[in-house]
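What follows is a single structure, written as structure tokens, with notes after it.
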Amino acid sequence: MAQPAAPTTAPKPLAEGDPVRLADRETTAPDTKSGLFYPYYRGLTGTIAKLYSDSTAAVAVDPESLPDDIRKRHQTGTDAMRQKWLDGLSEEGRNKLSAAEKKFSLRYSLLVSVSDLSPGDAPEPVRKSLPEIEEAEAAHLAEVAKRKKS
């Protein structure tokens, strides 16, 4: 007698406001054409801001999950825009602002394919350190040079 199949639970569909993690995969030619995935998107975390009918989603990225150079550039831009905004206000206008209003920050949002999203509790990808990447690149270049000589 055959055993009854174990009940399966379909994954809960993603919804606006859900925490998500972007896929940890290589970029493909269709990604380049669509602009929906770039190498530095790999493993970023964030929250779905908006789902669209064409199976794309706007994701508000957690700044802590950005690579260091991109996070620093984003923070520099945020600081400059905040200062420019504050400089454009009158003294009276600045005095009326609360501390929280003076410390606004810009969101870092990406448009991605829903197929590249997984629930936010997905395991964090293992990222190589810069020395590991440089070592792998040097080994690859040495291998390419070796093949060219043959």
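The values are calculated or read from the model by the stated rules, or taken from the named source; none is laboratory data. This structure is a prediction, so every number in the text was calculated from the model and none was measured. Cβ coordinates were reconstructed from backbone atoms using ideal geometry, including for glycine residues, and neighbour counts include every protein chain displayed.
Would you say residue 110 is buried (at least 17 other Cβ atoms within 10 Å of the Cβ), in a loop (DSSP other than H, G, I, E, B) and touching a helix residue (DSSP H, G or I) at 6+ places or on another chain (Cβ under 8 Å)? So residue 110 does not fit the description; no. Among the residues of the range 2-12, is there at least one that is among the hydrophobic types (A, V, I, L, M, F, W, C) and either at pLDDT 90 or above or surrounded by 10 or more Cβ atoms within 10 Å (Cβ to Cβ) (or both)? No: the range 2-12 contains no residue that is among the hydrophobic types (A, V, I, L, M, F, W, C) and either at pLDDT 90 or above or surrounded by 10 or more Cβ atoms within 10 Å (Cβ to Cβ) (or both). Within the range 14-27, the set of residues being within 15 Å of residue 113 (Cβ to Cβ) and either at pLDDT below 90 or aliphatic (A, V, I, L, M) (or both) comprises 14, 20, 22, 23, 24, 25, 26, 27.
Tell me which strands (runs of 3 or more DSSP E) are completely within the range 10-104 and hold 3 or more residues being more than 30 Å from residue 133 (Cβ to Cβ) and out of contact with any Leu (no Cβ under 6 Å at 6 or more places or on another chain), or say none if there are none.
Filter on the range 10-104 gives 45-51.
Scan the range 63-107 for residues that are within 14 Å of residue 40 (Cβ to Cβ), surrounded by 15 or more Cβ atoms within 10 Å (Cβ to Cβ) and of a type in the set (D, E, K, R) and jot them down. Passing the criteria: only 71.
So that you can scan it fast, the table gives a plain yes or no per residue for (1) in contact with a helix residue (DSSP H, G or I) (Cβ under 6 Å, 6 or more places away or on another chain); (2) closer than 30 Å to residue 12 by Cβ; (3) of a type in the set (Val, Ile, Thr):
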{"site": "37", "(1), (2), (3)": "yes, yes, no"}
{"site": "62", "(1), (2), (3)": "no, yes, no"}
{"site": "68", "(1), (2), (3)": "no, no, no"}
{"site": "92", "(1), (2), (3)": "no, no, no"}
{"site": "141", "(1), (2), (3)": "no, no, no"}
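Restricting the first residue to the range 93-104 and requiring it to be closer than 14 Å to residue 83 by Cα and free of Cβ contacts under 8 Å to residues at least 40 places away in the same chain, which pairs with a second residue that is in a helix (DSSP H, G or I) and aliphatic (A, V, I, L, M) meet a Cβ separation below 8 Å and a spacing of at least six or different chains? Going by the 8 Å Cβ cut-off, the qualifying pairs are 94/86; 102/86.
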